[in-house]
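Here is the structure we will look at, set down as structure tokens.
The values are calculated or read from the model by the stated rules, or taken from the named source; none is laboratory data. Treat the numbers as computed from the prediction; the structure is a model and nothing was measured. A quick note on method: Cβ atoms are made from the backbone with ideal geometry, for glycine too, and the neighbour counts reach across all protein chains shown. The area values use the complete protein model at the heavy-atom level, side chains included, leaving out ligands, DNA and RNA. Shrake-Rupley method; radii C 1.70, N 1.55, O 1.52, S 1.80 Å.
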Amino acid sequence: MQVQAFRDLGRDFFDHAEEKRRWNVTHDIPWADVKLRAVGDELVDILEAFYCTEMYLPDYTARLLHLNRRNQGLAWFVANWGYEESKHSRVIEEWLIRSGRRTEKQMEKLNEEILANQWDLPFETSRQMLVYTLLQELATQLSYINLSKLTAVAGDGALQRLLLLIAGDEGSHHRMFASCIKVHLEHDRAETLRDIAHVVQNFEMPAHDVIPDWPRRGALIERHGVFGPRPFVRRVLLPALERIGVDRRELRIQQSAAMAV
């Protein structure tokens, strides 16, 4: 039953994306509306930090595919997820160059620096990584939305469009991961709750330890209110738990039990 459930979810995700959500980097961004050097330097640095995170796509997809290679529904979804994520780094790089904030040589140098490092899975099992990515995708969506609000005053239509398109993708990914976790909860609620408790207890956003100049970039993100520890609980953790049908008190019981072992 689990195998068929994941297969159905993967097909539904693909069909919905093809019919309703796929977008094109070249044709669906109003590139003529780019404003040269209109966005503040610190906000550009934050966007570049997001770009760095997106650039670890080879590690994300390779490791998640390996974990789920025998689960057709999840493996095919991860392949689709990777395709959609690949557009995120590409469209941000395009904007950084077209807006005059970075040169092609600067981006080539940054890409080499990023890809010289590797990102490793923060958790060991497929189910734990589903929980991790559930939280990470919602946090990422929130971050892109917040950045779009901060940069709106610049009047750059291209930047606003691409930020909201990326945020829409991240929200759809979050909902897919939530649906997968619900399958696990129906099959084995106790063990799934233990995994959720474990991931929540040890959650960190991806790739921060391998992003160039992360301490400065991370401080900018928090100072501008794009993301931080406080909004994580209220805007990410609690909505995610509600989406998968887990009461916070139920989670606390599992966390207490884990600490007692």
Segment 105-119: number of residues that are part of a helix (DSSP H, G or I) and out of contact with any helix residue (DSSP H, G or I) (no Cβ under 6 Å at 6 or more places or on another chain): 9
First in segment 180-192 and closer than 19 Å to GLY73 by Cα and part of a helix (DSSP H, G or I), second anywhere and among the charged types (D, E, K, R) and open to solvent by less than 80 Å² (accessible area, probe 1.4 Å), Cβ under 6 Å, 6 or more apart: HIS184/ARG127
Unique match (being in contact with a Gly (Cβ under 8 Å, 6 or more places away or on another chain), without any contact (Cβ under 8 Å) to a residue 60 or more places away in the chain and not aromatic (Phe, Trp, Tyr)) among GLU250, GLU222: GLU222
Residues of segment 124-168 satisfying the condition of being closer than 26 Å to VAL200 by Cα and more than 16 Å from the chain's Cα centre (by Cα): GLU124, THR125, SER126, ARG127
Positions within segment 12-30 being outside any helix (DSSP H, G or I) and open to solvent by 70 Å² or more (accessible area, probe 1.4 Å), in sequence order: THR26, HIS27
Residue that is most open to solvent (accessible area, probe 1.4 Å) [pool: residues in segment 93-129 that are under 30 Å from ILE181 (Cα atoms) and either without any contact (Cβ under 8 Å) to a residue 12 or more places away in the chain or among the hydrophobic types (A, V, I, L, M, F, W, C) (or both)]: GLU124
Near pairs, Cβ below 6 angstrom, 6+ apart or cross-chain, from segment 31-46 (open to solvent by less than 70 Å² (accessible area, probe 1.4 Å) and modelled with pLDDT of 95 or more) to any residue that is of a type in the set (Ser, Thr, Tyr) and assigned to a helix (DSSP H, G or I): VAL39/THR151; LEU43/THR151
Pick from segment 155-193, criterion of a type in the set (D, E, K, R) and surrounded by 18 or more Cβ atoms within 10 Å (Cβ to Cβ), ranking: farthest from ASP28 (Cα to Cα): GLU170
